[in-house]
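The block underneath contains the structure these notes are about, expressed in structure tokens.
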Amino acid sequence: MSASAGKYLIIAGLLILFIGCAVYFLGNKLSWLGRLPGDIRIEKENFKFYFPITTMILFSALLNLVILLVRKFLH
């Protein structure tokens, strides 16, 4: 492994740690996550379907922003 791979692993670990702490300490304040407008939820008597499309788009945009910032500052 190269030194740059080590940097990426450390950054990924710190990011996972930060997200884990945020969910642990702010879990009750993040209840809106997964219930955004555009998330598809169908509930019937014997059937439940949930597709969080808006939440996935939001996570994708945030992840792309993080990757862009990491690549910009590490190169």
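Per the Kirkwood formula applied to alpha carbons, the range 1-44 shows a radius of gyration over Rh ratio, Rg over Rh, of 1.26. The calculated 222 nm mean residue ellipticity attributable to helices in the chain amounts to -21500 deg cm²/dmol, summing -39500 (n - 2.57) over DSSP H runs of n ≥ 4 and dividing by all residues. Between 0 and 90 degrees, rounded to the nearest ten: what's the tilt of helix 3-26 against the longest Cα principal axis of the chain? Here the helix axis deviates by roughly 40 degrees.
Helix 53-74 and the longest principal axis of the C-alpha atoms of the chain enclose an angle of approximately 10°. The residue among Ser60, Ala5, Leu74 whose Cα reaches farthest toward the positive pole of the charge dipole of the chain, with charges on the beta-carbon of Lys, Arg, Asp and Glu, is Leu74.
Quick note: the coordinates plus some simple rules give every number you see, no bench work behind them. Note that the coordinates shown come from a computational prediction; the quantities given were computed from them, not determined experimentally. Here Cβ is always computed from backbone atoms with ideal geometry, including for glycine, and neighbour counts include all displayed protein chains.
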